Amino acid sequence: MDWDSPRSWDAGAAVETIARLARDGKAEVPVYAIGADRQVATRTFEVAGSPLFVAEGIFAAEIVDECRRRGLLAGAYALRRPRGATFLRRLARDLAEQRKAPRVLLRRGLALLRAEPAVLRRQAGLGARPAPAGEVLRRVADLLAGHPHHS
């Protein structure tokens, strides 16, 4: 399975999970074994009373329009980071977690490095605003500070 393809992901289930988190403060979420190429379990995820939560991931932009339409979206961002740093972080994580054979991880990491500009353009086209991590963190903090239920 290509975990970097939107076809590996259930966008409808993701939107429903976000809706449940917003409504109930908790939801069942999948647990994946990347090395096994499949979902292996589910677990309960709770937002612990927070008025806002961040739903992140490579496919988050795929559901921006639907989340906006349903009133679930406070902001949508695509992290803009130095490509080399992203490559090294991803490779170190994947090697440490022994997700696949090192040669496979290196080959896939290089392919993702080359594809990253197109991925960012696609995410922007889907409604996510490209921004560096520091800006995204500031914007999320501003949203939280301005939320009426924040204590």
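The values are calculated or read from the model by the stated rules, or taken from the named source; none is laboratory data. Owing to the predicted nature of the structure, the values given are computational and were not obtained by experimental measurement. Quick reminder, even Gly has a Cβ in these numbers, built from the backbone with ideal geometry, and neighbours come from all protein chains shown.
Annotations
- Residue among 41, 48, 55 that is of a type outside the set (S, T, N, Q) and either over 20 Å from residue 19 (Cβ atoms) or part of a helix (DSSP H, G or I) (or both): 41
- Check on residue 121, on the phi < 0 side of the Ramachandran plot, over 15 Å from the mean Cα position of the chain (by Cα), in a helix (DSSP H, G or I) and modelled with pLDDT of 95 or more: yes
- Scanning the stretch 41-64 for residues that are under 14 Å from residue 11 (Cα atoms), charged (D, E, K, R) and free of Cβ contacts under 8 Å to residues at least 24 places away in the same chain turns up at least one hit.
- Some residue of the stretch 58-73 being hydrophobic (A, V, I, L, M, F, W, C), farther than 20 Å from residue 122 by Cβ and buried (at least 16 other Cβ atoms within 10 Å of the Cβ): yes
- Residue match in the stretch 99-107 (condition: part of a helix (DSSP H, G or I) and in contact (Cβ under 8 Å) with a residue 40 or more places away in the chain): no
- Single condition residue 81 does not satisfy, out of (1) part of a helix (DSSP H, G or I); (2) of a type in the set (Lys, Arg); (3) under 24 Å from residue 138 (Cα atoms): (1)
- Count - residues of the stretch 10-52 that are over 15 Å from the mean Cα position of the chain (by Cα), surrounded by 13 or more Cβ atoms within 10 Å (Cβ to Cβ) and of a type in the set (A, V, I, L, M): 7
- Screening 68, 89, 93 for residues that are outside any loop (DSSP other than H, G, I, E, B), over 23 Å from residue 32 (Cβ atoms) and not hydrophobic (A, V, I, L, M, F, W, C) leaves exactly one candidate, 68.
- Applying the criterion of being out of contact with any Leu (no Cβ under 9 Å at 6 or more places or on another chain) and under 17 Å from residue 53 (Cβ atoms) to the residues of the stretch 129-148, the residue that is modelled with the lowest pLDDT is 148.
- Odd one out for residue 90 among (1) exposed (fewer than 13 other Cβ atoms within 10 Å of the Cβ); (2) closer than 26 Å to residue 134 by Cβ: (1)
- Tally of residues being in a helix (DSSP H, G or I) and surrounded by fewer than 11 Cβ atoms within 10 Å (Cβ to Cβ) across the stretch 126-151: 3
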